[in-house]
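The values are calculated or read from the model by the stated rules, or taken from the named source; none is laboratory data. Since we're looking at a predicted model, the values are computed, not measured. Virtual Cβ from ideal backbone geometry, glycine too; neighbours counted across all protein chains shown. Heavy atoms of the whole protein, side chains included, go into the accessibility calculation; ligands, DNA and RNA do not. Shrake-Rupley method; radii C 1.70, N 1.55, O 1.52, S 1.80 Å.
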Amino acid sequence: MTFPIVVLISGSGSNLQALIDQSLQGNLNVEICAVISNKADAFGLQRAQKAGIPTHTLDHKSFDSREAFDEQLQLIIDQYQPKLVVLAGFMRILTETFAQHYEGRMLNIHPSLLPKYKGLNTHQRAIDAGEKEHGVSVHFVSAELDAGAVILQASCPIEKTETADTLASKIHSYEHIIYPLAVKWFSEERLAYKNGIAVLDNKILAESGVMYHPELI
């Protein structure tokens, strides 16, 4: 039996593509039941359609409130009865009600070594702060922005000549490795969320989760 998931996007969908590729290669036993975007021109919708995955567009600008948008989004998601919701570049701040509805079964990927640099423009902020390293984190979604329990991180050094663009390119290569890995762990019931804490193989993870190494694959 494949493990049903729904993926939410707002843009290019490169992490969605990583999930599709890993599934096609047999490394990830999931069924992407649907891809939903809040932007009709998101390239990720084309990626999904090419893979034969049902797509939906829900324009947040058509709703009077964040709550109304999230209510409709929840209705669309729940018709597929997914066991996991995957935020893959979904650029929306979620309401507390929505986050609680999917508590423990919704993941996000954020381009920083959380809890550092929540929010936007993380690459430039890390450079401006004189950080020696930067990275990316997969975490459970909570009502507080970028504050849910961290599952998995990958890091890379920040070179003296680094720009936000070169750093982003490095980080993207890691994103496409660690996000499918975290989804794989969850689909295999190795990963769980208990009382606000991430648990892997029945062991409570540290605040920074697991640091990625190639032998984890």
Mean accessible surface per residue for the range 5-45, computed with a 1.4 Å probe while every protein chain stays in place, in Å²: 35
Rounded to the nearest 10 Å², the accessible area of F63 at probe 1.4 Å: 60
Ordering of 169-175, 64-70 by packing [mean C-beta count within 10 Å, highest first]: 169-175, 64-70
Count of Lys pairs (Cα-Cα under 21 Å; at least 8 positions apart or interchain) in the chain: 15
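First select every other residue whose beta carbon is under 15 angstrom from the beta carbon of K160; then total the charges, Lys and Arg +1, Asp and Glu -1.
Working: positive: K132, K170; negative: D128, E131, E133, E159, E162.
Spelling it out: positives minus negatives among the neighbours equals -3.
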Accessible surface, 1.4 Å probe, highest first, among residues F98, F43: F43, F98
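Against the empirical 2.2 N^0.38 Å scaling, what ratio does the C-alpha Rg of the chain come to?
Working: Rg = 16.6 Å, N = 217, 2.2 N^0.38 = 17.0 Å.
Scaled against compact globular proteins, the figure is 0.98.
When DSSP beta bridges are limited to those with both residues in the chain, what percentage is antiparallel, rounded to the nearest 5?
Working: 17 of 36 bridges.
Beta bridges within the chain, antiparallel portion: roughly 45 percent.
Need one word for the range 118-157: rounded, prolate or oblate. Basis is the Cα gyration tensor (sqrt eigenvalues a ≥ b ≥ c); a/c below 1.5 gives rounded, then a/b vs b/c decides.
On the way: a/c = 3.54, a/b = 1.59, b/c = 2.23.
Cα axes put the range 118-157 in the oblate bin.
Using a 1.4 Å probe over the heavy atoms of the protein chains, calculate the carbon and sulfur portion of the accessible area of the chain as a whole percent. Intermediate results must be reported in sequence, preceding the final value.
On the way: 5310 of 10920 Å².
C and S atoms contribute 49 percent here.
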T55, T2, reordered so the largest accessible area comes first (probe 1.4 Å): T2, T55
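Please compute the contact order of the range 122-162 in relative form: average sequence separation of alpha-carbon pairs under 8 Å and at least six residues apart, divided by the residue count, as a percent. Walk me through the numbers on the way to the answer.
Values: 46 pairs, mean separation 16.6, N = 41.
Relative contact order, the range 122-162: 40 percent.
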Calculated [θ] (222 nm, deg cm²/dmol) that DSSP helices of n ≥ 4 give over the chain, each run adding -39,500 (n - 2.57): -10000 deg cm²/dmol
Derived scalar couplings ³J(HN,Hα) [the range 91-101; Karplus, 6.51 cos²θ - 1.76 cosθ + 1.60; whole Hz; x for Gly, Pro]: 8, 9, 7, 8, 6, 4, 4, 5, 4, 5, 4
Per residue value of the accessible surface for the range 106-217 (all protein chains in place, 1.4 Å probe), Å²: 50
Euclidean distance of C-alpha centroids, the range 66-116 and the range 6-21, integer Å: 14
